[in-house]
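Below you'll find the structure, written out as structure tokens, and then a few comments.
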Amino acid sequence: DKANYRHFMAKEIHEQPEVVGHTLARYLDMASERIALPMKLPFDFKDVQHLSITACGTANYAGYVAKYWFEQFARLPVEIDIASEFRYREAPLRSGDLAIFISQSGETADTLAALRYAKEQGLHTLSVVNVPTSTIARESEVVMPTLAGPEIGVASTKAFTCQLTALAALAIAAGRARGTLTDADEAKLVHGLIELPRLMAAALTHEPQIERLARDISKAQDVLYLGRGTSYPLALEGALKLKEISYIHAEGYAAGELKHGPIALIDEKMPVVVIAPYDRVFEKTVSNMQEVAARGGRIILMTDAKGAEEATVDSMVTIMMPDMPAAFTPMVYAIPVQLLAYHTAVVMGTDVDQPRNLAKSVTVE
Ligand code: F6R
């Protein structure tokens with residue numbers, strides 16, 4: 001049931017503060033502000049030397065964000081893979097290491113095959129899935145359910161932010177187990193997670209502005225998304241979301257890669273969405289924005305108050321996100337990214353919940 005929304009996708013975007021709250025409640029103890037995983041892990045994170053994360057599409061981008069967290073919080077080397085590549089490329093794997101699989105449906109054929117492959121190689125397997133009765137959930141050694149509830153829109157939205165939430169909790173738990181996070185670090189990070197539902201709700205209030213912006217974007221032929229750090233996989237996700245539901249060609253790039261090719265595309269007709277919370281790499285992203293502006297590119301900047309103050313570039317639309325700690329910006333910035341794709345698709349008149357050629361669950365390879 002779509003409640004009062006025109007599409008399931010709109011409903012699912014708006015449900016995010018609530019369902020992320022449910023996922024948080026599953027993996028942390030709100031009162032003590034500590035991670036409290038409800039399941040026992042059949043391995044010790046101290047013994048894990050290498051982590052592989054494997055998934056497809058949007059779930060893969062959630063894993064890509066999590067790579068930054070595991071590396072930062074737990075000092076654990078991570079390889080992020082697309083399931084269809086992982087399963088065939090004969091990567092050297094070490095028995096006893098951990099492989100994480102992420103899937104909304106839990107039925108994606110390539111992800112399932114990758115999971116079976118990792119098991120055969122003697123790896124521990126943990127899956128982050130939204131459908132707890134799914135094949136991937138059943139076949140994994142450990143399951144972390146995301147509590148997003150049924151996701152009907154083909155384009156994944158709330159499953160993505162719930163995947164990020166579960167993975168963030170796991171990365172903090174890994175940091176604790178490996179002694180790379182102090183109690184104080186953990187408390188600070190957990191506090192940041194607890195704030196997410198409120199911050200995501202604040203992000204949703206920008207919908208009217210994004211709706212107006214979507215009319216502009218709908219006239220574009222191509223859109224470029226740029227970000228650094230955890231905003232880089234979010235740029236990939238932004239481009240995927242836009243192309244799959246509005247059919248406008250889009251590409252996501254690490255902002256630092258701009259001058260290694262894609263800058264050749266930039267002209268007055270090209271909107272460039274820059275995802276840049278005010279963080280450690282912000283200044284670097286600003287210089288990339290200046291390169292875009294100097295070539296007449298139209299910049300849509302998603303940032304916070306401090307970022308907006310520091311980054312005055314011509315011909316720019318700013319979508320102002322709430323101030324927040326740097327670690328978990330992807331969950332909050334996902335909202336304007338999703339809304340922009342959604343409203344652009346509505347303007348284009350496409351079938352938002354059932355985009356052409358796509359299926360909700362890809363059970364063939
Ligand atoms: C994009 C999208 C797909 C899925 C991918 C994996 O909006 O929905 O890219 O993320 O097909 O599906 P699951 O998560 O079910 O394995």
Query raised in the report: Looking at Lys269, is it open to solvent by 60 Å² or more (accessible area, probe 1.4 Å), at pLDDT below 95 and among the charged types (D, E, K, R)?
Result: yes
Report summary line: Expected output for the range 248-261 (first residue free of Cβ contacts under 8 Å to residues at least 60 places away in the same chain, partner of a type in the set (Val, Ile, Thr), Cβ below 7 Å, 6+ apart or cross-chain) is Ala250/Val223; Ala255/Thr285
Query raised in the report: Is at least one residue of the range 323-341 within 16 Å of the ligand (Cβ to nearest atom), open to solvent by less than 70 Å² (accessible area, probe 1.4 Å), under 30 Å from Leu170 (Cα atoms) and at pLDDT below 95?
Result: no
Report task. For Leu76, indicate whether it is in a helix (DSSP H, G or I), in contact (Cβ under 8 Å) with a residue 40 or more places away in the chain and either closer than 22 Å to Ala177 by Cβ or not hydroxyl-bearing (Ser, Thr, Tyr) (or both). Result -> no
Query raised in the report: Would a scan of the range 36-48 turn up a residue that is modelled with pLDDT of 95 or more and within 16 Å of the ligand (Cβ to nearest atom)?
Result: no
**Report entry** Test for Ala171: is it away from the ligand (no atom under 16 Å from the Cβ), closer than 30 Å to Arg34 by Cα and aliphatic (A, V, I, L, M)
**Finding:** yes
Report summary line: The residue that is least open to solvent (accessible area, probe 1.4 Å), considering only those in the range 59-80 that are more than 16 Å from the ligand (Cβ to nearest atom) and within 14 Å of the chain's Cα centre (by Cα), is Trp69
Report summary line: Counted residues in the range 96-118 being open to solvent by 20 Å² or more (accessible area, probe 1.4 Å) and either under 14 Å from Val78 (Cα atoms) or without any contact (Cβ under 8 Å) to a residue 12 or more places away in the chain (or both) come to 0
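Thr285 - would you say it is touching a residue at least 24 places away in the same chain (Cβ under 8 Å), open to solvent by less than 40 Å² (accessible area, probe 1.4 Å) and under 16 Å from Gly238 (Cα atoms)?
Working: touching a residue at least 24 places away in the same chain (Cβ under 8 Å): yes; open to solvent by less than 40 Å² (accessible area, probe 1.4 Å): yes; under 16 Å from Gly238 (Cα atoms): no.
No, not satisfied.
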Query raised in the report: Has the range 232-242 got any residue that is modelled with pLDDT of 95 or more, of a type in the set (Ser, Thr, Tyr), within 17 Å of the chain's Cα centre (by Cα) and open to solvent by less than 30 Å² (accessible area, probe 1.4 Å)?
Result: no
Requested in this report: Looking at (1) of a type in the set (Asp, Glu); (2) away from the ligand (no atom under 15 Å from the Cβ); (3) free of Cβ contacts under 8 Å to residues at least 40 places away in the same chain, find the lone condition where Glu139 falls short.
Outcome: (2)
**Report entry** From the options Glu186, Glu211, residue that is away from the ligand (no atom under 16 Å from the Cβ) and surrounded by 18 or more Cβ atoms within 10 Å (Cβ to Cβ)
**Finding:** Glu186
Query raised in the report: Restricting the search to the range 46-58, which residues are open to solvent by less than 10 Å² (accessible area, probe 1.4 Å) and of a type in the set (A, V, I, L, M, F, W, C)?
Result: Val48, Leu51, Ile53, Ala55
Query raised in the report: Which condition number does Gly296 fail, the rest of (1) more than 27 Å from His260 (Cα to Cα); (2) outside any helix (DSSP H, G or I) being met?
Result: (1)
Report summary line: Within the range 145-164, the residues that are surrounded by fewer than 24 Cβ atoms within 10 Å (Cβ to Cβ) and near the ligand (Cβ under 8 Å from one of its atoms) are Val154
Query raised in the report: Do you know which of the residues in the range 346-365 that are of a type in the set (A, V, I, L, M, F, W, C) and within 12 Å of the ligand (Cβ to nearest atom) is farthest from Ala83 (Cα to Cα)?
Result: Val352
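The values are calculated or read from the model by the stated rules, or taken from the named source; none is laboratory data. Predicted, not measured: the structure shown is a model, and the values here were computed from it. Using ideal geometry, Cβ is built from the backbone for each residue, glycine included, and neighbour counts are taken over all protein chains shown. Quick note on the areas: whole protein, heavy atoms, side chains included, nothing else; ligands and nucleic acids left out. Shrake-Rupley method; radii C 1.70, N 1.55, O 1.52, S 1.80 Å.
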